[in-house]
Every structure is written in structure tokens, then in C-alpha cells.
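Here the structure comes first, spelled out in C-alpha cells, and everything after it is commentary.
The values are calculated or read from the model by the stated rules, or taken from the named source; none is laboratory data. Source: prediction; values computed, not measured. Counting neighbours? That spans all protein chains shown, and the Cβs are built from the backbone with ideal geometry, glycine included. Ligands, DNA and RNA are excluded from the accessible area calculation, which covers all protein heavy atoms including side chains. Shrake-Rupley method; radii C 1.70, N 1.55, O 1.52, S 1.80 Å.
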Amino acid sequence: MTFARKALIGHPKTDRTNPAQDEGIAMQNDASAAQQHHAAQRAAAGHDLLQKVAGYMAKHMIGGLPRNYELVHEALSGRHPGLARDFASLGQRPSQHDLDQIGLKHRLVSHCGLAEEKLQSETSSVLEKIAEQVSLGVLHKQTFARALETILGSIREDENRGIAELIAELDFLNAATGDLLHAETELGLKLKAGLQQIEGASRAVEAARTATEKDRLTGLPNRIAFMNRLDALYNQDVPPADCALLIVDIDDFRSINHQFGEDAGNRLLQRLATIFRKTIKKHDFVARVDGDDFAFLLSGVSSEDAFTIAERLHAAVENNLVFATEHGSTHGGLGLSIGFALCNDADQPMQLFAHAEAALNGARANPRQPICGYPLERHGRHIGRHVA
């Protein structure tokens, strides 16, 4: 089986009696039917897994909290072997504390709030201890000051006191000073340790928050990070302009997983992520937003620029991707569908995303035109890459 799609740029034929055009229409209908079939399969598989998760939680008396659903779902999905092993080690009726510890360890999205609550609790506890130490230090200083005032007052009242008495009082002050310095040193060490504890907890929370915005498989930013970036783009004082959102989808990725196995599919996704990183500019942004979908935010581009970049991405995958399996390798390009939309045509983030998805659906529907822009008709010219 080959996934190569050797492409030539051409022009759409308008002769409706042309056999090639009839063949293209038939291919489009076949692609649409295949997409519906695969969508139904994905929905059925997702429904079965949800039933499995709910049944497992009921059997093992796991509370119906949203974070528990995510944890059990990730453990049973088979995507994270390490998490699955930790989860299996809990036994038949795991406690909520143990469940949360696993969720925090593997930095699940729903447990990010728990990490922040833990930080707040630890910070409050440390600050209370620091406040106690500071109060104790102030008390030591007040005691020392009162002792010093008492001795000075005694000397003023009796200027004829003997040397021995003065030396004894000075010895007392010296001892009190030593105690005060020791208490100050202890306070400094405890303050330093407390601050280090707070900083460590803060770094752990930040790491957990970062992990919630990172795709585990490819190392790219995930959908959460992408939507945050998209929201930030529209939250500026000046409306976004000269930028584009581009979505890339692997054609029939489910059949690749089915034929060659999930491990081979994962390797393909990792290789794609590497190619995409190297293909875009440093100030552009790429993320994995779905199982086999990648999204790009491109700045400083026109419609023609976005189309050219989409072609470059398509060509980079065709020319550089080697799809390796356990039984050998299939050399050639991978089938991709690409849709893009411009920020100038959208007033809000989700509208821009919807435009790009509409363009992607146009590319998916016609294998002979795997690159489409939104709107599909612009200035009387159909924006798309036509493949012979």
C-alpha cells in the first residue's frame, strides 16, 4: 500500500462531459461516504470506551468526579502505559487521595486545579510558620531591649556601683546578645527554607500547567495551548490583521492505524510534528489540536502567502516522510488535506476556526484539490490546489 500522492499543479476543467471531471466527482462522492463511515466508527468506539469507563468506576466504587472520569479514561484507553500501570497498582477500591496523586503525577488537565489548591495550602502553612518565627524573633528583641533599659537605668541611679557588678551585668548583656543573634540566624534559615518550599511548589504547579498545554505524543502545544494563543491574538487592542489559521488533516488516518498498528501511527505523527517544526518560521505557531489534526497560526501573511505555505507543508511531507512499519517501510508522500482562513475575515477566534474548518472540509471532500482557502470563492477565483 502506498500513501504517495504525486501532485501536479493544474487548472480545473469546466467541460462537464469530460471523463476526468466525472471521475473527480465520483472520487469526491466516495471520499464523502468514507468520511461519514469513519466518523460513525469513531463515534461508536468513543461510546464503547465511555461505557467501559463508567462500568469500571461503578464496579470499583470510584467517585463520579470529572477528574476521576478523565483519569480512568486515560488509564483504560491504552495511550499512557505508565499511567495505566500506576492506576492498576491501586487495587480494587482506590482512595480518592491515591487517585489524585496519580493524576497529579501524570499532570492530567483536570488535576491542574488540584495542584494549584495544593500550592495555596502549602503556601498558607509555610507563611503561618514564618509568621510565628517572626513573632518569636520580635519577642526576643523586645526582651533584650527591656533588659538593656533596666541595666542602663540601674547604672544611672547608682554611679558608684562596683566593677564586679558592672562586669556581671555586661556578661548578662553579652549572653542575651548571643541568644538574640542565634535566634536571628535560626529565623533567617527558616525564612529561607520556607521561601524555597514555596518556590518549589510554585515551580511544580507551573510545570503542571505547562504540561496541560503540551501534547504528550508529539511534544507540540496541544489544543488548549492553541486556543489560548488564538484568544490572545483577538484580545489585543488592535484587531488582528495579516495573519492566517491553517489546519492540516491526515487523510484516512484511521485506516493507517488499523492496517499497521497504533505504534506505527504514533511514529508517523511524531515524524510529522518534526517536519512541521522545521518547515515554519520561528514566530509562527503550530499545535496538535486533534488526533490527526495540526493547526498553524501564521503572522505577516496574505491569502497568497498562506496558500504558498500550505503548498510548502504539503510538499515537505511528501518529500521527507518515510512511513515505517514493523514489516518494512513504505516510501512516498502521505495524503494530507489542508484548509486555511485569514484573520481579516473573522471578528472572533471561534469564527476564524470555523472558517478554517470549512475550508478543510472543502479540501477533504475533493482529493484532487487537497488545499483550500476560505472563502472558497474569492474575487471570482477558486482558491485551491488542483491535483492531476
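Leaving ligands and nucleic acids out of the surface, order R146, R254 by accessible area at 1.4 Å, largest first.
Numbers: R146 125, R254 95 Å².
Ranked list, largest accessible area first: R146, R254.
For S124 and E149, compute 0.36 nm times the residue count separating them, minus their Cα-Cα distance, and round to one decimal in nm.
Length difference between fully extended and current span is 5.3 nm.
Using the basic label-point model (7 angstrom from Cα toward the beta carbon), what is the H182 to L49 distance in nanometres?
6.3 nm
Which whole-number percent is the relative contact order of the range 160-301 (Cα, under 8 Å, 6+ apart)?
Normalised by residue count, the contact order of the range 160-301 is 27 percent.
Heads up, I need the accessible area for L50: 1.4 angstrom probe, whole protein in place, Å², nearest 10.
110 Å²
With r as the distance between the Cβ atoms of A84 and N235 and R0 = 45 Å, compute the FRET efficiency 1/(1 + (r/R0)^6) and round to 0.05.
For N235 and A84, the calculated efficiency is 0.70.
Taking the Cβ of Q348 as the center, what net charge do the other residues with Cβ under 15 Å away carry, scoring Lys and Arg +1 and Asp and Glu -1? It would help to have the intermediate numbers written out before the result.
Numbers: positive: R229; negative: D231, D345, D347, E357.
Here the count lands on -3.
Rolling a 1.4 angstrom probe over the protein chains, ignoring ligands and nucleic acids, what is the accessible area of K192 in square angstrom, nearest 10?
Here the accessible area works out near 120 Å².
Sort I247, I280 from largest to smallest accessible area, using a 1.4 Å probe on the heavy atoms of the protein chains.
So, going from the largest accessible area down, we get I280, I247.
Show H140, H80 ordered by accessible area, largest first, where the area counts protein heavy atoms only and the probe is 1.4 Å.
H140, H80
So, taking all protein chains as they sit and a 1.4 Å probe, how much accessible area belongs to H314, in Å² rounded to tens?
The accessible area of H314 comes to roughly 0 Å².
Note the full-extension length gain between S255 and S202 as 0.36 nm times their separation in residues minus their Cα-Cα distance, in nm to one decimal.
Residue separation times 0.36 nm, minus the Cα-Cα distance, leaves 14.7 nm.
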